[in-house]
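**Student:** Below are the structure tokens for one structure; questions will follow.
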Amino acid sequence: MEEDPQEKMNELTALLAKYFNGIQQMQEENKQLRQRVATLESENAALTETLEQWKNGDEWSSRVTYDNVVDQIASLEDASKRDDARRMFEALLKKSQVTQFRKDIKHRVKELNEDGDAYSDKLVAQVLEASAGKGLILDAKWKWAGAYWLLRWACNYPVDAKDFCKKIGSLEMDIAAEYECSYESIRKLCTLSFMDYDPRHMETVRVSKNDQGMFSQCREIVLKLLDEFQNASLPQE
């Protein structure tokens, strides 16, 4: 008995749908992989730049440079990456300095974890909601990059820009659509090298010449947000 043409068409349609769904899924996985690679490349570039500065220095005489290296390594979320980076720099140190270097990194990791509890999600939502809008701190979507920079360090918010935006989206806030946090608006800014330094210690942040303009604008956003967090944390009379 000859197969019904309509049934053949239905089978073909189902196969095509399955095929295109598979392509769509692979494209999404590839997109996520590229974003992850971009994050890793940014972290590697920052560490490599600092490594070159150390190689060209003299006996690590600058304590600020040393602290920057410790901060960068401690800020890596993946413990295996921290270990790899630590070993890379240990090769440049005297044996007598290695033990202290490990202790400093361990201590800084502990500090970063403790600092992550500084602001609750409720307080973050309160401050951001009051700061986003016309004439306010976050009066343009790209300015969320400043919030990303601060919250990444002050609250251990995600380093990945897309995950950060998802985290912001999960907070209970009422913000007009034109001022909401947007991944497309901040994704490139979040890869700038100065983002790898704790903005609460501006005196230790190192900035490339190409990033000076954006750094100045993000610094202003961070400092204003810090004031808002401080005011919001004070006991209400």
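The values are calculated or read from the model by the stated rules, or taken from the named source; none is laboratory data. Model, not experiment: these values are computed from the prediction. Backbone-built Cβ (ideal geometry, glycine too); neighbour counts: all protein chains shown. The accessibility values were calculated without ligands, DNA or RNA, using every heavy atom of the protein model including side chains. Shrake-Rupley method; radii C 1.70, N 1.55, O 1.52, S 1.80 Å.
**Student:** With 26 Å as the cut-off, how large is the P(r) tail for the chain, expressed as percent of Cα-Cα pairs? Please list the in-between numbers first.
**Tutor:** On the way: 13615 of 27966 pairs.
Percent of Cα pairs beyond 26 Å in the chain: 49.
**Student:** So, for segment 76-168, what is the accessible surface per residue at a probe of 1.4 Å, expressed in square angstrom?
**Tutor:** Each residue of segment 76-168 exposes 51 Å² on average to a 1.4 Å probe.
**Student:** Hydropathy at least -1.0 by Kyte-Doolittle, axial extent at least 20 angstrom from the Cα trace: which helices of the chain, defined as entire DSSP H runs, fit?
**Tutor:** Values: long enough: 5-55 (73 Å, -0.94); 95-115 (31 Å, -1.63); 212-233 (31 Å, -0.14).
Both cut-offs are met by 5-55, 212-233.
**Student:** Turning to a different aspect of this structure: Before rounding to the nearest 500, sum -39500 (n - 2.57) across all DSSP H runs of length at least 4 in the chain and divide by the residue total; then give [θ] at 222 nm in deg cm²/dmol. Don't jump to the answer; show the numbers that get you there.
**Tutor:** Working: 9 runs with 154 residues, N = 237.
Value at 222 nm, helices only, nearest 500: -22000 deg cm²/dmol.
**Student:** In percent, what relative contact order does the chain have, based on Cα pairs under 8 Å that are 6 or more apart in sequence? Show your work: numbers first, answer last.
**Tutor:** Numbers: 188 pairs, mean separation 47.8, N = 237.
About 20 percent, as a whole number.
**Student:** Also: Identify which of LEU225, LEU76, LEU33 has the largest mean-square fluctuation in a Gaussian network model of the chain, with springs joining Cα atoms closer than 10 Å.
**Tutor:** LEU33
**Student:** Going out from 0 in 5 Å bins, what whole percent of all Cα-Cα distances in segment 106-237 drops into each bin?
**Tutor:** 2, 11, 21, 25, 22, 13, 5, 1, 0, 0
**Student:** Still on this model: Please report, as a whole percent, how much of the solvent-accessible surface of the chain comes from carbon and sulfur atoms (probe radius 1.4 Å). Please report the intermediate quantities before stating the final value.
**Tutor:** Values: 7140 of 14450 Å².
Taking all protein chains in place, the chain shows 49 percent carbon and sulfur surface.
**Student:** Further question on the same structure: Using 1/(1 + (r/R0)^6) with R0 = 25 angstrom and r between the beta carbons of LEU93 and ARG200, what's the FRET efficiency to the nearest 0.05?
**Tutor:** Values: r = 27 Å, r/R0 = 1.07.
So the FRET efficiency works out to roughly 0.40.
**Student:** Here are some pairs, LYS167/LYS224; LYS106/LYS143; LYS110/LYS141; which of them have Cα atoms lying more than 29 Å apart in this structure? Write out the running numbers ahead of the final one.
**Tutor:** Values: LYS167/LYS224 21 Å; LYS106/LYS143 33 Å; LYS110/LYS141 33 Å.
Listed pairs above 29 Å: LYS106/LYS143; LYS110/LYS141.
**Student:** Here's something else I'd like to know. Report the FRET efficiency, 1/(1 + (r/R0)^6), for LEU123 and LEU223, where r is their Cβ-Cβ distance and R0 is 22 Å, rounded to 0.05.
**Tutor:** Working: r = 18 Å, r/R0 = 0.81.
Here the calculated transfer efficiency is 0.80.
**Student:** Using only protein heavy atoms and a 1.4 Å probe, report how much of HIS107 is accessible, in Å² to the nearest 10.
**Tutor:** The value for HIS107 is about 110 Å².
**Student:** Now a separate question. Please identify, among ILE186, ILE137, ILE175, the residue showing maximal mean-square fluctuation in a Gaussian network model of the chain using a 10 angstrom Cα cutoff.
**Tutor:** Fluctuation is largest for ILE175.
**Student:** How much length, in nm to one decimal, is gained on full extension between LYS134 and THR13, taken as 0.36 nm per residue of separation minus their Cα-Cα distance? List each step's numbers first, then the result.
**Tutor:** On the way: separation 121, 0.36 × 121 = 43.56 nm, distance 4.97 nm.
My answer for the length gained is 38.6 nm.
**Student:** Now for a different question. Please arrange ASP83, ASP211 by accessible surface area, largest first, computed with a 1.4 Å probe and ligands excluded. All intermediate terms of the calculation are to be shown ahead of the outcome.
**Tutor:** Details: ASP83 60, ASP211 20 Å².
Listed by decreasing accessible area, they come as ASP83, ASP211.
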